[in-house]
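Everything below concerns the one structure shown next.
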Amino acid sequence: MSDNIRAIGKLLFEVSMLKHTMRTGYAFLGSGKESAAAHSFNTAFIAYVLGRMSPGVDVNRMVLMALIHDIPEARTGDANAVHKRYIKRDEERAFEDAIKDTFLSKELLELYQEYEQAETREAMLVQDADQIDMLLSLREQEDCGNPNASMWIPFVKNRLKTEQAKSLADTIIKTHWASWWMDEFKKDPS
């Protein structure tokens, strides 16, 4: 057990590295920044919401899938759409190396592969959650004056697979990024 607990400790340090792993697409957008860990957290919460909007899916499985979907980036870094045209990363191998020797390896590898294959309803919803997180960031950038963000929004929206995500995206596109607090502040500025 001591070897296994050591492997778990190493995995926790590796996952923590995602706090320092920056997403690279923002450089092409021209503004904004985000760590892979922040993105994974948002994606997990969005996956929970999409799961609750979708009867008959395993919401807990979706949340865990979303939490682990970018763990390989601790080893490979984040590759944006431009990078992916020129480099090939072996993310599955990076994921396998990260979780090897842990009692979690079988369960987590199955979840990771399910996410990547995107054949189950849960995996499709989690992939949509990943895109919805980007859409939220783009709306924030757009509302804060970045003219490039509006050019990216249709591409992100076109990647959505599920009706739940498409409906949510339509709402996000029509909603100001700061409305969650501004609407209340306008009513009672005290």
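Throughout, read-outs are computed from the coordinates displayed, never taken from laboratory work. Bear in mind the structure is a predicted one, so any value in this text is a computation, not a measurement. Don't worry about glycine lacking a Cβ; one is built from the backbone with ideal geometry, like all the others, and counts go over all protein chains shown.
Can you find, among Phe45, His20, His69, the residue farthest towards the positive end of the dipole of the stretch 19-85? Put +1 on the C-beta of Lys and Arg, -1 on that of Asp and Glu.
Checking the options against the dipole of the stretch 19-85, the answer is His20.
Starting with the fewest neighbours, write out Lys187, Lys161 ranked by other beta-carbon atoms found within 10 Å of each beta-carbon.
The order, fewest Cβ neighbours first, is Lys187, Lys161.
How far is helix 36-52 tilted off the main Cα axis of the chain, in degrees rounded to 10, range 0 to 90?
Here the helix axis deviates by roughly 80 degrees.
Given the DSSP H assignment, sum -39500 (n - 2.57) over each helix run of at least 4 residues in the chain and divide by its residue total; what's the result at 222 nm in deg cm²/dmol, nearest 500?
Result for the chain: -20500 deg cm²/dmol, rounded to the nearest 500.
I'd like the Karplus ³J(HN,Hα) series for the stretch 105-114: coefficients 6.51, -1.76, 1.60, θ = phi - 60°, whole numbers in Hz, and an x wherever there's a Gly or Pro.
Running phi through 6.51 cos²θ - 1.76 cosθ + 1.60 with θ = phi - 60° gives 4, 5, 4, 5, 5, 4, 5, 4, 5, 4 Hz.
Going by Cα centres, the stretch 61-84 and the stretch 115-171 are how many Å apart?
The distance from the Cα centre of the stretch 61-84 to that of the stretch 115-171 comes to 16 Å.
Going by the alpha-carbon gyration tensor, a ≥ b ≥ c the square roots of its eigenvalues, is the stretch 82-124 rounded (a/c under 1.5) or, if a/c is not under 1.5, prolate (a/b greater than b/c) versus oblate?
oblate
Estimate the FRET efficiency between Asp97 and Phe41 by the formula 1/(1 + (r/R0)^6), using the beta-carbon distance for r and 25 Å for R0, to the nearest 0.05.
My answer for the efficiency is 0.60.
If you consider only alpha-carbon coordinates, what radius of gyration and Dmax does the chain have, in Å?
Expressed in Å, the Cα Rg and Dmax of the chain come to 17.8, 58.
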